[in-house]
Amino acid sequence: MARRTAIGLDIGTSVVRAVELSFGRDGVTLDRFGQVVLPEGAVRDGEVVDPEAVTAAIKTLWTATRFGTKRVVLGVANQRVIVRQLDLPWMEQSELRKTLAFHVADFLPISVEDSVLDFYPLEEVTSDEGARQLRGLLVAAQRDTVLLNVQCAEKAGLRVESVDLTSFAVLRAMGRQTDLTVGTEALIDVGARVTNIVVHSAGVPRFVRILLMGGQDVTDAVSEQLGVPLDRAEGLKQNFAQWGSDDQMTMVSRTVATTAQDFVDEIRGSLDYYAASSPAQHVERIVISGGGSRLEGLAETLAAGTRLPVVLGDPFWPLKLGRTGLDAEQIEFIKPLAAVPVGLALGAI
Ligand SMILES: Nc1ncnc2c1ncn2[C@@H]1O[C@H](COP(=O)(O)OP(=O)(O)OP(=O)(O)O)[C@@H](O)[C@H]1O
Ligand SMILES: [Mg+2]
């Protein structure tokens, strides 16, 4: 029997990237990884604004990386996606699916007709009045932004099997790094403009937050402070640590430190919010991924600001490496970038 394969396609702010996995009796194998840089402004804050440019990039990606199928799982994460914990009257799954819109209409800032809804059940609880209730995470995404992502993929000749929240993809890819001594941890995927925070215990999500911030904020700050164009600022940001300590480098280093601190303050705000609402399951460590997590000094600033151990996530654990055409150094390089597409592909099964 042919092995089953699945592709996760992540339309990010700076790149489109995809991963193909195959599922066999002997486990899951990473078969392909590819990415294509998007022109500046094609995706803004996680939302497609230039569909032609995104479609073209996806086409290039499919030509350049020889994926085995055109069926994909797509991710979404932007400001118009809301994830919040909610208690509903207890009901069967089938009933829940039929009546979800009715039950959640009052909690949504957008109309039910304009949204795509999902409810991820977590546990059964008893209300103060003694009624049986279902506690879970409500995911509500604005229909238009989801459709735009789907259309870009379809215009590029792909078939979208399903759409998933990128936060859940991060959880699927990295919530399995079993360190049995850790009960609850926060996974933080830092992109260019979007940062996904997922607090989970043994793979069960407890809290999800999508922040509109990331590595691009640092580049913007360097560009502004030093009066240099964005591409130059990007280079300075990525390499200042290796380039000695003249006046310019000192200024870059200071700007990076200040922006990283602002970023960490935001993360801490979200984790404090979580801690206040779930005092019983406190976060014991932080696992980071995403291109933005590569920023020099970020992990240390995050550890100091939260007083938690910070480790680098490995979305390729425990995947087997297939014939990807990538050498060990390239695999190491793409590791932090692959959490979202790997998690999307894992969700196909
Ligand atoms: N070596 C590095 N040092 C610092 N920052 C880096 C480094 N490499 C990449 N980055 C930053 O990572 C960010 C891109 O990360 P990633 O590819 O995960 O984002 P994205 O998926 O395109 O965007 P988003 O998830 O925000 O929509 C950019 O801001 C880039 O500057
Ligand atoms: Mg991303």
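Taking the numbered list (1) within 26 Å of Gly291 (Cα to Cα); (2) surrounded by 13 or more Cβ atoms within 10 Å (Cβ to Cβ) in turn, Ala64 passes all entries but (2).
For the range 11-129, the strands (runs of 3 or more DSSP E) that sit wholly inside it and include 1 or more residues that are under 21 Å from the mean Cα position of the chain (by Cα) and within 16 Å of ligand 2 (Cβ to nearest atom) are 15-24, 27-37, 71-76, 81-89. Taking the range 157-197 as the range and being more than 13 Å from ligand 2 (Cβ to nearest atom), assigned to a strand (DSSP E or B) and either out of contact with any helix residue (DSSP H, G or I) (no Cβ under 8 Å at 6 or more places or on another chain) or not aliphatic (A, V, I, L, M) (or both) as the test, the residues that pass are Arg159, Glu161, Ser162, Asp164, Thr184, Glu185. On the basis of being under 30 Å from Glu224 (Cβ atoms), at pLDDT 95 or above and within 20 Å of the chain's Cα centre (by Cα), does Leu346 make the cut? Here the answer is no, as Leu346 does not meet what is asked. Might you check whether a residue that is under 17 Å from the mean Cα position of the chain (by Cα), of a type in the set (S, T, N, Q) and crowded, with 16+ Cβ neighbours inside 10 Å occurs anywhere in the range 212-227? Checked the range 212-227: at least one residue is under 17 Å from the mean Cα position of the chain (by Cα), of a type in the set (S, T, N, Q) and crowded, with 16+ Cβ neighbours inside 10 Å. Looking across the range 158-178, the residues that are farther than 13 Å from Ala345 by Cβ and among the hydroxyl-bearing types (Ser, Thr, Tyr) come down to Ser167, Thr178.
Figure legend. Inter-residue proximity from the range 231-247: first residues more than 18 Å from Ala192 (Cα to Cα) and outside the structural domain of Gly292 (by TED's automatic domain parsing), second residues in a helix (DSSP H, G or I) and more than 16 Å from ligand 2 (Cβ to nearest atom), beta-carbon distance below 9 Å, spacing 6+ or different chains. No pairs are indicated. Is there a residue being without any contact (Cβ under 8 Å) to a residue 12 or more places away in the chain, more than 13 Å from ligand 2 (Cβ to nearest atom) and not hydrophobic (A, V, I, L, M, F, W, C) anywhere in the range 1-10? Scanning the range 1-10 turns up no residue that is without any contact (Cβ under 8 Å) to a residue 12 or more places away in the chain, more than 13 Å from ligand 2 (Cβ to nearest atom) and not hydrophobic (A, V, I, L, M, F, W, C). Sub-6 Å Cβ pairs linking a first residue in the range 125-140 that is outside the structural domain of Pro205 (by TED's automatic domain parsing) and surrounded by 11 or more Cβ atoms within 10 Å (Cβ to Cβ) to a second residue that is part of a loop (DSSP other than H, G, I, E, B) and polar (S, T, N, Q), at least 6 apart or interchain, are Gln133/Ser127, ordered by first then second residue.
The values are calculated or read from the model by the stated rules, or taken from the named source; none is laboratory data. Remember, predicted model here, so these are calculated numbers, not experimental data. No Cβ is skipped: glycine too gets one built from the backbone with ideal geometry, and neighbour counts run over all protein chains shown.
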